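J.: Provided herewith is a single structure, encoded as structure tokens, for subsequent inquiry.
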Amino acid sequence: MATLLLPFNCPKTTLSDPNSLNLFTNINYFHKQKFQLISPKLATINCKSTTTSSLTPTFIYHTKLALEEEEEDEIQQQQHCKQVEEEEEEECQEAHKFYQDERPLREIWREINGSNNWEGLLDPMNPHLRNEIIRYGEFAQACYDAFDFDPHSKYCGTCKYHGPEFFDKLEMGERGYEVTRYLYATSNINLPNFFHKKGIRRVWSQHANWMGYIAVTTDPEEIKRLGRRDILIAWRGTVTYLEWIHDLKDILHPAHFKDDPSIKIESGFYDLYTEKEEKCKFCSFSAREQILAEMKRLLEMYSGEELSITITGHSLGAALALISANDIAEMKVNVVDDGGSIKEVPISVFSFSGPRVGNLKFKERCDELGVKVLRVINVHDKVPTVPGIFTNEKFQFQKYLEENMSFPWSYAHVGVELALDHTHSPFLKSTPDFTCAHNLEAHLHLVDGYHGEGKRFCLVNKRDIALVNKSCDFLRHDFDVPPNWRQDENKGMVRNTDGRLVLPERPKMEAHPPDTAHHLAKVLKRVTSSLKPT
């Protein structure tokens, strides 16, 4: 850089620190004076003052070459940045081209949903699989975006949107799915930090919390693209905090989905899935009963078609996704009569940042039942490490401990793991906030840029990075995306006919379809008859 020096013939002017000079406030003064800009190079140009042309010596201006060098450096820097961008873009295009799968999804959907346990699809990442992971992750994210967790609202703990408008309100109307029912669970269980408490007395329910939804593909074009009609279950996880993990007691409870007491799951998860409250119309059926009844109804309605059951969830929702998948298979709800022949509708789970759910026997039983589970995790997230101490699914000593010593804290993960690392993304910052590493939108961002182990992170689908900061502060600040930006306008307040701002009344919520008990009875009757000796 050139250094500005004061003119030699101006003794009254002093400057202790030339670098601190404010050129903008002193520009008029220096315009009338002789000055020097000393350059590292000895190139000079002679100048004369516009107001004191008779003064000597002439202006010595050692800047021409320096300015040229600076311009050249700037041009080189711009060229370098452009080259880096072009290389990254070229690498992304090459990666996308290399991993391109020309087969349509409708021909390979079983493989994408785990029929071969995703062998050869994760490294390198198959583009169809990447898209499906993100798609089902967004269905799980919809549970968060639609959930009312405002403790000052009388609707706290509910879904903000009426079933028929659910996907349209979330700008997901083009997905081709329709919600068939909502899922509720009682909050009278031993997971107090999971449920959102109401801060006012006049509330919709003292016992229930909205837990997710069941939807089915109805758009003919989407059914054609997928190659089947998909029945979707999406479970809600935790909204803003992770205190619920401290409620886990490391107590394994017999699942009771099969007459084998050695198959166990964490007691809090079991209670959440099976408990009900007869006095509450939303919890008069347990979450389990709601799932089984609706699955039975939908599978009968669409019998004869190509079907799939896909279950997704994040955090505690991932645990419920796995439990419900095991239950549906164990109760043989997915075994249907297809024109005189019996077939099993495949069950797949796409879980995100889920905790361990059950013991090694539970894992082995899921494998026996053919439940396919893909677990997407961030290696820096702590939730997948709880509960339990002895946790290596391939560790034979763990099996010995379970079979001979019955340790209550022996847990095992189920399925295939896709391990991601948020430090590989150049868009994310380093932060001590461990909830960022657990964030679902961050997981979907990592999936979009993942190509395989050891391969460079590069966003293929160009998924909007602003989504990462929807409910956290994880993006680098130079992207100028505010943290926790998603909120309803005026927190949902609107003006009534009197001009007052109020929370609007919502449509009456249906607790359960009137035929729930009927279809549940069918499930239980079938299981009872299958247990009778022939």
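J.: Could you derive backbone 3J(HN,Hα) for the range 264-279 from the dihedral phi with the Karplus parameters 6.51, -1.76 and 1.60 (θ = phi - 60°), listing whole Hz in sequence and x where the residue is Gly or Pro?
T.: 10, 10, 4, 5, x, 5, 4, 4, 4, 7, 10, 6, 9, 10, 4, 6
J.: Quick one: which residues, 5 or more positions from Leu420 or on another chain, have an amide H under 5 Å from its amide H? H modelled 1.01 Å from N in the peptide plane, none for Pro or chain starts.
T.: Residues meeting the criterion, in which the H sits 1.01 Å from N, are Ile377, Asn378, Val379.
J.: Something else now. Mind ordering 513-525, 219-231 by average Cβ neighbours within 10 Å, highest first?
T.: Descending mean neighbour count gives 219-231, 513-525.
J.: Tell me, what HN-Hα J-couplings in whole Hz come from the Karplus equation 6.51 cos²θ - 1.76 cosθ + 1.60 at θ = phi - 60° for each residue of the range 461-468, using x for Gly and Pro?
T.: Per-residue couplings from phi come out as 7, 6, 4, 4, 5, 4, 4, 4 Hz.
J.: According to the square roots a ≥ b ≥ c of the eigenvalues of the Cα gyration tensor, what is the shape class of the range 429-481, taking rounded for a/c under 1.5, prolate for a/b larger than b/c otherwise, and oblate for the remainder?
T.: Values: a/c = 1.77, a/b = 1.44, b/c = 1.23.
Prolate is the answer for the range 429-481, as a/c is 1.5 or above and a/b outweighs b/c.
J.: First select every other residue whose beta carbon is under 15 angstrom from the beta carbon of Glu132; then total the charges, Lys and Arg +1, Asp and Glu -1.
T.: So the surrounding residues net to +4.
J.: Convert each backbone phi in the range 434-450 into a coupling constant with the Karplus relation 6.51 cos²θ - 1.76 cosθ + 1.60 (shift: θ = phi - 60°), then list the ³J(HN,Hα) values in order as whole Hz, x for Gly and Pro.
T.: Taking θ as phi minus 60°, the curve returns 6, 5, 5, 5, 8, 5, 5, 4, 5, 4, 5, 4, 5, 4, 5, x, 8 Hz for the range 434-450.
J.: Val349's amide H: which non-local residues (gap 5+, or another chain) put their own amide H closer than 5 Å, with H modeled 1.01 Å from N in plane and none for Pro or chain starts?
T.: Amide H to amide H, under 5 Å and 5 or more residues apart or across chains, Val349 pairs with Ile311, Lys372, Val373, Leu374.
J.: May I ask for the percentage of alpha-carbon pairs in the range 411-534 that lie more than 24 Å from each other?
T.: Values: 4526 of 7626 pairs.
So the portion of pairs separated by more than 24 Å is 59 percent.
J.: Determine the distance separating the Cα centre of the range 474-531 from the Cα centre of the range 117-143; give it in Å without decimals.
T.: Result: 25 Å between the Cα centres.
No lab work stands behind these numbers, since they all come straight from the coordinates. Quick caveat, the model's predicted, so the values are computed rather than measured. For neighbour counting, all protein chains shown are included, and Cβ atoms are generated from backbone atoms with ideal geometry for every residue, glycine included.
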